[in-house]
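Worksheet: one structure, shown below.
The values are calculated or read from the model by the stated rules, or taken from the named source; none is laboratory data. Because the structure is predicted, anything quoted here is derived from the model rather than measured. Cβ coordinates were reconstructed from backbone atoms using ideal geometry, including for glycine residues, and neighbour counts include every protein chain displayed.
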Amino acid sequence: MTYYYQPRRSVFGGLLLILIGVVFLLYEYHPEMEIGRLFTHYWPLLLILWGVARLFDYLFASRSGQPGPPAISGGEVALVVLLLVAVAALAGFDWARKNNPGIDFGMGNIFEHPYDWKSSLPVVPAKPNEVISISTVRGDISVHPGNDSQLHVSVHKTASASDENEARQAADKVQVKVTPTGNGYEIQPQVSGDEGSDVRVDLDIELPNHATINAQTSHGDITIAQIIGPVTINSKSGDLNIHDISGDIDADLAHGDARFDNIKGNVRLTGHGGEINLSGITGDATMEGDFFGPIRANNVSKTTRYTSSRTNLTIAHLSGQLEMDSGDLSISDVPGSVQLSTANKDITLGGVAGRIDLTDKRGDIQVTLPRPPHDDVLIADESGSISITLPAQSNFEVSAVSRKGDIENDFESAGLKSSNTGDTTVLQGTYGTRGPRITLSTTYGTISIHKSSQK
């Protein structure tokens, strides 16, 4: 009699079900972990899990004398697809919530309506140079100077429920408190129970303009204007609009746009976000993080710095304009120097008086100098064309190398020598009297050195 052993099922399917359950459990209790981003970084663990399961199946089959399960079954493929769909859906929910903080994907509130109430707290005396700390979980924060030496707090609550009475009960569980501290006041909503956790609380603060401001919100916009003092901001999701500030600004942004105008101090912005605008900055302007833009800056008196995972930029005194998006970067009118290292961007520079040091990967570079250079110019491009335009009366030393392209040169001089070796073209020498050094190099692209038409 012949016995046929039915192959045992792999443990991989069970492990996948456990993994799917863990994903949903983590999302339920720790949504801030951003499952989509975690999966993007750690998806190779799925392959490790599959390999461990296959090894276990092989060892068990060898010891029992039974045939092993197939490499991967149709059911397991379906579970893998289910896992990917679940992760994509949760990542989509995260994205939607960040872009629309008030959105709710639950079905329990489809018949609910928003109700709102406005009130003002009793005024309290406020002295100049006090520290005012303002925080709300869900809601906007607005800070501006008042007409007296008092602290005025206006509260706007919004609650959603099936009827106004239920909404009122939820809103009443949230009370905004103004608490004295050793050097100022702390203003924040305080919630009794869980029913008020979804109530939106907008805060409008009037105070003496000589104050130190600390503002924090998880979901909401922050607007601060006409304050003589330092400002610290922490925003998880929302836009920043900060203008006419006479102190330093330190802002951390997780998601949203930011605008800083007419700041008589330093501006430091960290985190992540979208569109960034800076204008009229008397001190330094520093941006650290991945901001997807566009990023615009103009009239920064001291140093402009931008550091991200792909770009490192330093500009000494930006009297003109900086504009940067995902594929282009342009800078104009810089009395000082420019140092830039980036990738996958087309770069345009105009009117830079100081030293230029550019490094790019997979992008074209165009530099126009309206006046003869007085400092060195160093441009290196891994794959892209380089074009530099100089006045006819310029004096410079040049060393240009294109390994897979040509060199075009409008400056004719006995001191300039061009040569070709295989696929490499080289231009070296001096034009006019001894001047600053211009070093240009690219691997795949044309180098062009042009004379400007201006006299």
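Tabulated results
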quantity: Residue within the range 321-329 that is surrounded by fewer than 16 Cβ atoms within 10 Å (Cβ to Cβ) and outside the structural domain of S385 (by TED's automatic domain parsing) present; calculated: no
quantity: Selection count, the range 236-247, where residues are assigned to a loop (DSSP other than H, G, I, E, B) and within 16 Å of P145 (Cβ to Cβ); calculated: 2
quantity: Selected residue (criterion: surrounded by the most Cβ atoms within 10 Å (Cβ to Cβ)) from residues of the range 211-255 that are in contact (Cβ under 8 Å) with a residue 24 or more places away in the chain and polar (S, T, N, Q); calculated: T217
quantity: Conditions (1) modelled with pLDDT under 95; (2) at negative phi; number of the one not met by A400; calculated: (1)
quantity: Filtered residue count, the range 280-309, keeping only those that are part of a strand (DSSP E or B) and either under 17 Å from V231 (Cα atoms) or of a type in the set (V, I, T) (or both); calculated: 10
quantity: Filtered residue count, the range 221-235, keeping only those that are within 18 Å of D202 (Cα to Cα) and outside any loop (DSSP other than H, G, I, E, B); calculated: 7
quantity: Among (1) in contact with a helix residue (DSSP H, G or I) (Cβ under 6 Å, 6 or more places away or on another chain); (2) outside the structural domain of V191 (by TED's automatic domain parsing); (3) modelled with pLDDT of 70 or more, the one test that L83 misses; calculated: (3)
quantity: Failed condition for L322, given (1) part of a strand (DSSP E or B); (2) more than 20 Å from the chain's Cα centre (by Cα); calculated: (2)
quantity: Condition met for G422 (buried (at least 16 other Cβ atoms within 10 Å of the Cβ) and closer than 15 Å to T443 by Cα); calculated: no
quantity: Residue ID - nearest to D116 (Cα to Cα), chosen from residues in the range 158-178 that are in contact (Cβ under 8 Å) with a residue 24 or more places away in the chain and assigned to a strand (DSSP E or B); calculated: T158
quantity: Test: residue in the range 419-440 that is touching a residue at least 40 places away in the same chain (Cβ under 8 Å), part of a loop (DSSP other than H, G, I, E, B) and assigned by TED's automatic domain parsing to the domain that holds S341; calculated: yes
quantity: Subset of the range 282-329 [aromatic (F, W, Y) and at pLDDT 95 or above]; calculated: Y306
quantity: Residues being among the β-branched types (V, I, T) and under 30 Å from the mean Cα position of the chain (by Cα) - total across the range 139-157; calculated: 2
quantity: Matching option when the condition is surrounded by fewer than 19 Cβ atoms within 10 Å (Cβ to Cβ) and at pLDDT below 95, among A392, A380; calculated: A392
quantity: Selection status of S330, under 20 Å from the mean Cα position of the chain (by Cα) and assigned to a strand (DSSP E or B); calculated: yes
quantity: Which numbered condition G405 misses (of (1) over 41 Å from the mean Cα position of the chain (by Cα); (2) outside any strand (DSSP E or B)); calculated: (1)
quantity: Selection from the range 408-418 of residues that are outside any strand (DSSP E or B) and either on the phi > 0 side of the Ramachandran plot or without any contact (Cβ under 8 Å) to a residue 24 or more places away in the chain (or both); calculated: E412, S413, A414, G415
